[in-house]
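Each remark here refers to the structure printed beneath this line.
The values are calculated or read from the model by the stated rules, or taken from the named source; none is laboratory data. The structure presented is a predicted model; accordingly, all values stated were derived computationally and were not measured. Cβ placement follows ideal geometry from the backbone for every residue including glycine, while neighbour counts extend to all protein chains displayed. With ligands, DNA and RNA removed, areas are computed over all heavy atoms of the protein, side chains included. Shrake-Rupley method; radii C 1.70, N 1.55, O 1.52, S 1.80 Å.
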Amino acid sequence: MATFKDFRNNVKPNWCPGCGDFSIQAAIQRAAANRGLEPEQLAVISGIGCSGRISGYIQAYGLHGIHGRALPIAQGVKLANRDLTVIASGGDGDGFAIGMGHTIHAIRRNINITYVVMDNQIYGLTKGQTSPRSAEGFVTKSTPEGAIESTLSPLELALSAGATFVAQSFSSDIKQLTALIEEGIKHEGFSIINVFSPCVTFNKVNTYEWFKENIVSLDSFPEYDSTNRISAMTKLMETNGLVTGLIYQDKSRKCYEDQISGFRDTPLAHQELQITEEQFDNLVAEFK
Ligand SMILES: Cc1ncc(C[n+]2csc(CCOP(=O)(O)OP(=O)(O)O)c2C)c(N)n1
Ligand code: SF4
């Protein structure tokens, strides 16, 4: 049986020393091993950003796609081969700015994949512009007088879009993060896990210390009911979106694949897709 070391490859991450993304990579590798997966049973699909490099750093199938498009590719991979465990990953810019339309529709589609957002509240790769996750008043090169737009609350949006699994964690809390990714993989539907992942180079406000002081774990609320959507929305609003843990899960809704008739017979990836010479000639003839 594979251990987390089997999900390591020989590519050395070029993230800055101290970047939160290192721990997220480790948590995905541990969660995959804990779920009993082999590397060839996992596909990690990412967008563009510092965070997007993650798909190249894990021993598994991987695709480093284009900015904001991790989810369309991941959904295609899953629909073509339901036997794969598919994890999509990328930054807050990737998923909540350019890719926001895809994020909302992937959530409502409820395909059985896990989406791990590496949320550093800034654009890291392009050297520190505001993202939709940056706080109002956040000063960067793109907002020298402070960000004017309001901060997006992605998990409140996820709940509104009909999410069936909503969680949040902090890259320093590798135990909680690993457990949540494991739960996300186990969940039969779309799971979104937003992970606070400090950018030590460009975000000098939302630092490790800042998160430690400001985030609150759901463990502090023993009465909390993660099956209640209203409680989930309330808790997110009460904590200004800084709550960590399993915020909401609905196990009753069937995933997308389970509702397509005939889908379960043979995955597309295992089908004989070759066409005959006659079919080929007929196809070409259509374009003459
Ligand atoms: C279509 C397109 N638009 C813009 C860019 C430039 N670009 C690359 S990464 C990025 C944002 C990076 O921020 P985020 O997604 O939060 O990831 P991080 O680097 O912070 O991990 C942008 C705007 C691009 N590569 N492609
Ligand atoms: S710029 Fe920020 S997000 Fe990118 S690798 Fe460095 S610390 Fe990480």
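At-a-glance table
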| quantity | calculated |
| --- | --- |
| Most to least packed among 18-24, 77-83 [average Cβ atoms within 10 Å] | 18-24, 77-83 |
| For the chain, the longest site-free run once GluC sites (Glu not before Pro) in DSSP loop states with at most 11 other Cβ atoms within 10 Å are removed | 1-144 |
| P(r), alpha carbons of the chain - 10 Å bins starting at zero, rounded % | 7, 28, 35, 19, 7, 3, 1 |
| DSSP bridge orientation in the chain - percent antiparallel, rounded to nearest 5 | 20 percent |
| Neighbour-limited loop hits for chymotrypsin sites (Phe, Trp or Tyr not before Pro), the stretch 213-288 (at most 10 other Cβ within 10 Å; DSSP other than H, G, I, E, B) | 287 |
| Percent RCO, i.e. relative contact order, over the stretch 4-261, from Cα pairs under 8 Å lying at least 6 residues apart | 19 percent |
| Principal axes of the stretch 44-175: Cα extent on each, largest first, Å | 50, 32, 30 |
| Sequence of 118, 233 from largest to smallest accessible area, 1.4 Å probe | 233, 118 |
